[in-house]
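Since every read-out is calculated from the coordinates, none of them should be taken as a lab result. Here the structure is a predicted model, which means the values were calculated and not measured. Glycine also receives a Cβ, built like all others from the backbone with ideal geometry; neighbour counts cover every protein chain displayed.
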Amino acid sequence: MTSKNEILERKDIPNEKKWDIESMFADFSEWEKSYNNAKEMAKNFESYKEKVVSSSENLYNVLNDMGDLYRITEQLYSYAHMKLDEDTREGNSQALSDKGLGLYVEVGEKTSYVVPEILTLDLATLEKYYEEKPELELYKKHIDDIMRQKEHVLSAREESILAQMGEVANSPQKIFSMLNNADIKFPTIKDEEGKDVEVTHGNFIPLMESKDRDVRKRAFEALYTTYKGFKNTFAASLNGDLKKNIFNATVRNYKSSREASLDQNNVSLSVYDNLIKSIHNNLDSMYKYMAIRKRALGVEELHMYDLYTPIVKDVDLKIPYEEGVELVKKA
């Protein structure tokens, strides 16, 4: 029997409370087999080079085969990444994640010529291809997005170089993840019952929901004082990621990294700006809510550690996991 605040190792947690990534691959040998298959598919994909738009049949086959290749690659990467998420300290999982990312970068490089070749099509030829090959309509949205971003796509050679930089570009995020999820350790505090409990990413919010304000304050200070001790490392990691985004925006002829990011989903800058403007125009509603929360909690000054705890008294909002599952299924 474990106490509610005991920190368990993953191996000690019942299987029914863990995600089932074995439904993707039963074991590593299955993953390795699929990985080798993807590598071979990526190698064979080069046979389409300089032939992507030679006919409607070829264009359809390229897009179809590329979809299959990316589906299996994303499944391999997802499994590897989720395996690492189980325990970021595990060396084998770190190696598997690196291998999955490496495959993703390789597939990106092997398929990097596709978009530049599609952009050589004129509208009349593209319409003719749709008539000749009705199945091509399945990819019309994808092709339209490619055409929309024409001025931001580089030559096949340049796209290949950028694709090969994928693992390097991912370094700032990986450094942050390893520091935040593997190396960093938070202090132990006293809970509502006066028992020692180590603050973790998993129990921080439940501790912040405590009705005991001292517990909330201790948890808050434990987490953020620890983060403050690594502020220069976190800042350096963030700075590296920002420079990567600026570089990508510059080489792809965007005016800013914000524009480059939004354009991936065809979102205009005005939509983003209007969202920010709407928030600023309605801050009075948030201030009103905060005043109500302050009054309901009976505190002279509202702090960040007062924002999660329920303001309704004598109501137990905790629902056992199994009961929650049944409630969701019923709903």
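A few comments on the model shown:
- Relative exposure of His152, His303, His280, judged by other C-beta atoms within 10 Å (fewest first): His280, His303, His152
- Anisotropy class of the range 205-314 from Cα gyration tensor, a/c 1.5 cut: oblate
- Toward the positive end of the charge dipole of the range 229-272, with +1 on the Cβ of Lys and Arg and -1 on the Cβ of Asp and Glu, the farthest Cα among Ser237, Thr250, Ser268 is that of Ser237.
- Entry note, the chain: the mean residue ellipticity at 222 nm calculated from DSSP H runs of n ≥ 4, each adding -39500 (n - 2.57), is -19000 deg cm²/dmol after division by the residues and rounding to the nearest 500.
- Tensor-based shape of the range 11-168 (alpha-carbon gyration tensor, a/c under 1.5 rounded, otherwise prolate or oblate): prolate
- Ranking of Asp191, Asp316 by count of other Cβ atoms within 10 Å, fewest first: Asp316, Asp191
- A dipole drawn for the range 11-168 from +1 and -1 charges on Cβ atoms has a positive end, and of Trp31, Phe45, Val168 the residue lying farthest that way is Val168.
- Its Cα centre serving as origin, the range 11-168 has a Cβ charge dipole (Lys and Arg +1, Asp and Glu -1) of approximately 160 debye.
- Highest-fluctuation residue, Ile279, Ile146, Ile189 considered, GNM on the chain with Cα pairs under 10 Å: Ile279
- Highest-fluctuation residue, Arg295, Arg89, Arg216 considered, GNM on the chain with Cα pairs under 10 Å: Arg295
- Take every pair of alpha-carbon atoms less than 8 Å apart whose residues are at least six positions apart; their mean separation over the length of the chain yields a relative contact order of 13 percent.
- Projecting the Cα atoms of Tyr305, Asn281, Leu317 onto the charge dipole of the range 237-331 (Cβ charges, centred on the Cα centre) puts Asn281 farthest toward the positive pole.
- Listed from fewest to most Cβ neighbours within 10 Å, the set Glu109, Glu50 follows the order Glu50, Glu109.
- Placing +1 on each Lys and Arg Cβ and -1 on each Asp and Glu Cβ, with no other charges, gives the range 30-92 a dipole about its Cα centre of roughly 200 debye.
- Global form of the range 77-222, assessed from the alpha-carbon gyration tensor, a/c cut-off 1.5: prolate
- Net charge dipole size for the chain [Lys, Arg +1 and Asp, Glu -1 on Cβ; Debye, nearest 20]: 1200 debye
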